1. So, R0 is 30 Å and r is the distance between the beta-carbons of residue 37 and residue 175; what FRET efficiency does that work out to, to 0.05?
2. So how much slack lies between residue 318 and residue 196, counting 0.36 nm per residue of separation and subtracting their Cα-Cα distance, in nm?
3. Which shape class, rounded, prolate or oblate, goes with the stretch 208-329 when its Cα gyration tensor gives a ≥ b ≥ c as root eigenvalues, a/c under 1.5 marks rounded, and past that a/b bigger than b/c marks prolate?
4. If you take the Cα Rg of the chain and divide it by 2.2 N^0.38 Å, with N the number of residues, what do you get?
5. Using 0.36 nm times the number of residues separating residue 108 and residue 51, minus their current alpha carbon distance, what extension gain do you get?
6. Hey, which lysines would be in cross-link range of residue 256, C-alpha to C-alpha under 23 Å, not counting anything within fewer than 8 residues on its own chain?
7. So what does the Cα-only Debye profile of the stretch 259-327 read at q = 0.18, 0.24 Å⁻¹, as log10 I(q)/I(0), no solvent term?
8. At 7 Å along the Cα-to-beta-carbon direction for both residue 79 and residue 29, put a label point, then send me their distance in nm to one decimal.
Amino acid sequence: GDNGLVEASDLPVEVRATSTTAEPDWSGEGRTTDGYRVKLLANVGSPDDARAATEAGAEGVGLFRTEFCYLSATEEPSEDEQRAAYAAVLAPFAGKPVVVRTLDAGADKPLPFLDTEAEPNPALGVRGIRLSHTLTGTLDRQLAAIAAAAADSGAEVSVMAPMVATVEEAGWFVERARAAGIARAGVMIEVPAAALTAREMFAAVDFVSLGTNDLAQYTFAADRQVGAVATLNDPWQPALLRLAALVGQAATEHGKPMGVCGEAAADPALACVLVGLGAASLSMNSAALARVGARIAAVSLDRCQTAAQAAAATADPVTARTAAKAALG
Ligand code: PEP
Ligand code: MG
């Protein structure tokens, strides 16, 4: 590690598998040494992912990507087809929280059933909730299917909208979710404008979830699909951490939860930093749960907060990471 100690994450995979670490095992519930609860959730996008998530001990799902249901469809799937497809993913999570994200089409997620017009900059065009706004019927049918699948499965389902930029969009989405009979509705924070207005966002929604993949892309004007600009999309970038801090502060003021569901949550040290910035839950690839859970179980909330402040105060991602690791001990 950057503190001069060899860590499991620095070792080749074959060594890592057999090495012992000083970190305690993850008990199945995210918790710091001083008992602060952090829900450890999985990102899923298919029934197979859902099974892997339960096997990995996820406390629930922080991001259910629903695009799989539409991927090969040349016509919009019927409400009944959607209901069955969602229920198959929700089934293993009876009694557990699952955040279902409504259709996030466009840009890196083109879908054949939408014959949308070609755009010069798809990442900046009609995508995510903007598309739902023009295809309101499609959103309402999806919300109805989600509500029905939630009842079928017994999962504690909430919904969230992707690519929200304004408070008005957030309010519009929450209204439609409530009309569909879904009690809890939130938005992803993945556009800088949404992070900068987090205080007002929280007044309109029940929760938010940071999508660090897109939030990095839009903060740095760096396409997430272009390897040449990957350094700009490094989730340790202090500018990204400062935006997360703004949202975390607003969450505390409102007493409403901020989650994180981008790839950043899967990096154990960064996960601790995000907890220090105010994250109440972290959602990640199931494969990352055990390592992140063990790391969080080995630090106090106070250390997470110190590490978060230290990392956010730096001017580059390498220094941010070094500062955080030193503070985490
Ligand atoms: C994100 O943007 O960080 C995110 C979690 O959503 P997706 O990767 O599906 O765009
Ligand atoms: Mg996204």
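Taken together, the values in this text are just the output of simple stated rules run on the coordinates, not laboratory data. From a predicted model like this one, the values you see are computed outputs, not experimental measurements. Note that we place each Cβ from the backbone using ideal geometry, even for glycine, and neighbour counts take in every protein chain shown.
1. On the way: r = 31 Å, r/R0 = 1.02.
Plugging the Cβ-Cβ distance into 1/(1 + (r/R0)^6) gives 0.45.
2. Numbers: separation 122, 0.36 × 122 = 43.92 nm, distance 2.47 nm.
Fully extending the segment from residue 318 to residue 196 adds 41.4 nm.
3. Working: a/c = 1.32, a/b = 1.26, b/c = 1.05.
Judged from the Cα gyration tensor, the stretch 208-329 comes out rounded (a/c under 1.5).
4. Details: Rg = 19.3 Å, N = 329, 2.2 N^0.38 = 19.9 Å.
Compactness ratio reported: 0.97.
5. Numbers: separation 57, 0.36 × 57 = 20.52 nm, distance 2.55 nm.
Net length gain for the segment: 18.0 nm.
6. The reachable lysines, counting only those whose Cα sits under 23 Å from residue 256, are 39, 96.
7. So the normalised log intensities work out to -0.59, -1.02.
8. The answer from the label model is 3.9 nm.
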